[in-house]
Structures are given as structure tokens and as C-alpha cells.
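In what follows, a structure is listed as C-alpha cells, so that the remarks can point back to it.
The values are calculated or read from the model by the stated rules, or taken from the named source; none is laboratory data. The model shown is predicted, which means the values in this text are computed figures rather than measured ones. Here the Cβ positions follow ideal geometry from the backbone for every residue, glycine too, while neighbour counts run over all protein chains shown. To get the accessible areas, we keep the full protein, side chains included, count just its heavy atoms, and leave off ligands, DNA and RNA. Shrake-Rupley method; radii C 1.70, N 1.55, O 1.52, S 1.80 Å.
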Amino acid sequence: MSNIKTNSRLSHRVQTIKPSGIRRFFDLASKMDNIISLGVGEPDFITPWNVREASISSLERGFTAYSANAGIIELRREISAYMSKRFSVQYDPEQEVLVTVGASEAIDIGMRAILDEGDEVIIVEPSFVSYVPLVQMAGGVPVSVGTNNQDNFKVSAQQIEAAITDRTKALMLCFPNNPTGATMNREEMIEIAQLAERHDLLVFSDEIYAELSYDEQHVSFASLPNMKDRTILISGFSKSFAMTGWRLGFVLAPPDLLAAMLKLHQYSLMCAPTMAQYGALEALQSGMDDIERMKQSYKQRRNYVVKSFKEIGLDCHIPGGAFYAFPSIEKTGLSSEEFAEKLLLEERVAVVPGHVFGKGGEGHIRCSYATSMDNLEQSVERIQRLLSRVL
């Protein structure tokens, strides 16, 4: 019998969805002093001034009305040009580009556009905490495929194929990955692409961290042979352009899929904020140098964090992208939640326990290195103090 306390005023579906496992630690940390947070997946850079200025200018010029549902055409054209130049994928700005309220909305309406009750979506985990509930809210069934530290948190086509049933409709991928920072090369992704074609699967490719690939050029899943027509590509401006609070993303998909998502977008949100769209337009037109500057800073911090974790005794693979390290704390004998709670209460460092990211996450903690070097150095010292007591 379920232990969930029901409320007749609420839908059964929403009552069965668990609250975000990340929020509990953020709420605890918000009530404490002298906290160093490695928990938030957010750049520590301020949105570049020229981007802010473009948004301010749009307000001053009176561009405060609704935009087209799909987004201002200038921005959609610029997104199309950007994706072609940076990632070798071509999209028609009129029929294949939709500007959304963050990448999360893009995933939400994508799931709702394709799923019928009981359809299965394979989710490669550890994964962003929203994927599972968004599948569930669309009436689908999430099917987890776990990855592990020994394989650098990469997934194989064989692992995915073992999870396919006659109800499988889609596959959810995120590389570079949140929370592990794992990346996949072209050859590894081609095997998955061939699998998707063989089993007639749609593929959600969350590429929000595409610009933050440190050691190899990012390969967009839609650029692989025969994949554009079955890929729903999600991206946005939050991570690479340091625009988290602007809540602006985009989704790229074949015309039939995009038309269905646009229908949901029209009725639920109408359009993304107009002034944010003008800021994003400026970011695409002149922000590549800012991306490179932030990327090099993150890479330096990544190298420091991984090296430091290994020096204090924590096994940690080298993340190829994003801005997260995902060290193993298994040797402590504590669960990821127990370790994260002790670290927060005893040493005032906030991290996210790995189990909240699904299969393969237990025994790890997510540490964002999108913070200052001073904070990172102090965090390593504090984690080392905790390890000296629990090992």
C-alpha cells in the first residue's frame, strides 16, 4: 500500500511526484551563516553588460508587447545561424525554432507533445532532476539506465538497447552532463544514433552545456547521420551566456514536432519575455568572446577541483564539460545524503547528494565549481576536515 498521504483536492499524478531533492539542502543552507555553496548549477559570472544594455534599450524603445509566440524572428534567425556555425546543424527559423521560457519549458512541452499515457522514455542517469517528473507529468513512464564512475559516466548503445520495450517512445540524453560533467565523442554517439534509427525512437538531446566542453569539440546529436528528423534539441542562454535569471531557452525540432510544441507553448505561456529576447539576440551577435573567457576560467577551476579531490582521497573522474565535479564518497561508508548533511551542518559547505540524480548517483556528491577559487580552496579544506573524522 502506498505511504503517500492523498488529498482529494489534488490530482493523483501531482501527488505522486516527489519534491526536488536539491531544494532541501538549499533551504537548510539559506538559514545558516558562513556557508560556501557548491550546490547551485549557476554561473558566478554576471550577464555581460552589452547584453543587459540591449535589454534595457528594448525597454526604452517601448518593446514591451507580446512577441510572436515562437519568439521574435530576428532571434530565431540568429539562433539558426549560431547552431549552423558552431555545431553544424541547419534549422529553418520559421518552422524549426521555438524560443521558450528556459530550457526546462522546452523539455516539458516536448514531452507533452509526443507522449501518450504509458509511453516509456529511457533516461540516462545520473541526470538533471526535472527529467523524471516531466515525463510523469506528461503521462509517460520514465525508464532509468544508469552509468557509473568506472566508465566515466558514459552510456553505451548496448545498455540503452537492453531497456527498450514495445512501449519505448523516446530517449533522453544530456551531454555534457548535469550532474557528472561527462561527455560523449562522435563515435560513441553514432552507435546510439544507429540504435535510435533501428528502433524508431525520438531523441531528446539536452545540449544546454554545449559551449562548456573543455577537451573535445561538442558534437550535436542532431548533426549525426539521419538524426535531425528524430531529434528534439534543447538549449538556451542560462549556462553559456550567464543568463540564468533571464529564463530563456530554445528548442529545435522537425516542423511537425515543433508545431505541436508551439501549440502547447501558445496556450500555456504565450511567448518568452520580449526584453529578454533582445538581450539574447545581442548575446548571440557579440558574445562568443565572453563564452571563451568564462570557459577558460571554468576549465582552470575544474583542473584544480579534480586534482584537489584526488589529493584528499576522493576518487573523481575528470568531467569533460559543464561545471560540476562528481566525486565518489563511497569509502566513507555514508550515503550521499548523510555525507552532504554532515558536510553542511559540520563544515558549512553545501553540495548536492548524488542519489537525487537517479540511478548511478548514490555514493557521489555534486559539486559545482562555478564559484570563486577562494571558495573552492576553502571548500576543499573543509571537506578534508570532514574526511579526517569519518574515515
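Observations, loosely collected:
- Residue in segment 272-294 that is open to solvent by 10 Å² or more (accessible area, probe 1.4 Å), in a helix (DSSP H, G or I), touching a strand residue (DSSP E or B) at 6+ places or on another chain (Cβ under 7 Å) and at pLDDT 95 or above present: no
- The residues of segment 378-391 that are assigned to a helix (DSSP H, G or I) and in contact (Cβ under 8 Å) with a residue 60 or more places away in the chain, listed by number, are GLN378, SER379, VAL380, ARG382, ILE383, GLN384, LEU387.
- Qualifying residue in segment 98-116 (condition: within 17 Å of GLY279 (Cα to Cα), of a type outside the set (A, V, I, L, M) and out of contact with any strand residue (DSSP E or B) (no Cβ under 9 Å at 6 or more places or on another chain)): no
- Residue count for segment 323-346, restricted to those that are small (Gly, Ala, Ser) and part of a helix (DSSP H, G or I): 2.
- Test for THR168: is it touching a strand residue (DSSP E or B) at 6+ places or on another chain (Cβ under 7 Å), β-branched (Val, Ile, Thr) and farther than 16 Å from GLY320 by Cβ: yes
- ALA65 in contact (Cβ under 8 Å) with a residue 24 or more places away in the chain, small (Gly, Ala, Ser), out of contact with any Phe, Trp or Tyr (no Cβ under 7 Å at 6 or more places or on another chain) and exposed (fewer than 12 other Cβ atoms within 10 Å of the Cβ): yes
- SER88 vs. criteria open to solvent by 20 Å² or more (accessible area, probe 1.4 Å), on the phi > 0 side of the Ramachandran plot and in contact with a Ser or Thr (Cβ under 9 Å, 6 or more places away or on another chain): yes
- One residue stands out among those in segment 204-235 that are assigned to a helix (DSSP H, G or I) and over 13 Å from LEU171 (Cβ atoms): the one that is farthest from the chain's Cα centre (by Cα), which is ASP229.
- PHE309 touching a strand residue (DSSP E or B) at 6+ places or on another chain (Cβ under 9 Å), modelled with pLDDT of 95 or more, crowded, with 24+ Cβ neighbours inside 10 Å and closer than 24 Å to ASN177 by Cα: no
- Contact annotation: residue pairs with Cβ atoms under 6 Å, 6 or more positions apart or on different chains, pairing a residue in segment 263-292 that is within 17 Å of ARG77 (Cα to Cα) and of a type in the set (Phe, Trp, Tyr) with a partner that is assigned to a helix (DSSP H, G or I) and open to solvent by less than 50 Å² (accessible area, probe 1.4 Å), are TYR278/ALA54; TYR278/SER55; TYR278/SER58.
Let's see how each residue does on (1) of a type outside the set (Gly, Ala, Ser); (2) farther than 29 Å from CYS316 by Cβ:
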position	(1), (2)
VAL141	yes, yes
SER144	no, no
SER156	no, no
CYS174	yes, no
ILE192	yes, no
ARG230	yes, yes
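- Scanning segment 164-192 for residues that are more than 26 Å from SER328 (Cα to Cα) and of a type in the set (Gly, Ala, Ser) yields one hit, ALA170.
- Only one of the listed residues (ARG77, ARG9) is farther than 30 Å from GLU337 by Cα, open to solvent by 90 Å² or more (accessible area, probe 1.4 Å) and at pLDDT 95 or above. That residue is ARG77.
- Per the listing PHE339, PHE326, PHE357, the residue uniquely touching a strand residue (DSSP E or B) at 6+ places or on another chain (Cβ under 7 Å), open to solvent by less than 10 Å² (accessible area, probe 1.4 Å), touching a residue at least 12 places away in the same chain (Cβ under 8 Å) and over 22 Å from ILE208 (Cα atoms) is PHE339.
- Test: residue in segment 15-37 that is of a type in the set (Ser, Thr, Tyr), loosely packed, with under 11 Cβ neighbours inside 10 Å and either more than 21 Å from LEU258 (Cβ to Cβ) or touching a residue at least 60 places away in the same chain (Cβ under 8 Å) (or both): yes
- Verdict on GLY181 being surrounded by 24 or more Cβ atoms within 10 Å (Cβ to Cβ) and on the phi > 0 side of the Ramachandran plot: yes
- The residue list ILE164, ILE192 contains one member that is open to solvent by 20 Å² or more (accessible area, probe 1.4 Å) and at pLDDT 95 or above, which is ILE164.
- Among all positions in segment 50-62, there is no residue which is within 22 Å of the chain's Cα centre (by Cα), touching a residue at least 60 places away in the same chain (Cβ under 8 Å) and either under 23 Å from HIS12 (Cβ atoms) or open to solvent by less than 20 Å² (accessible area, probe 1.4 Å) (or both).
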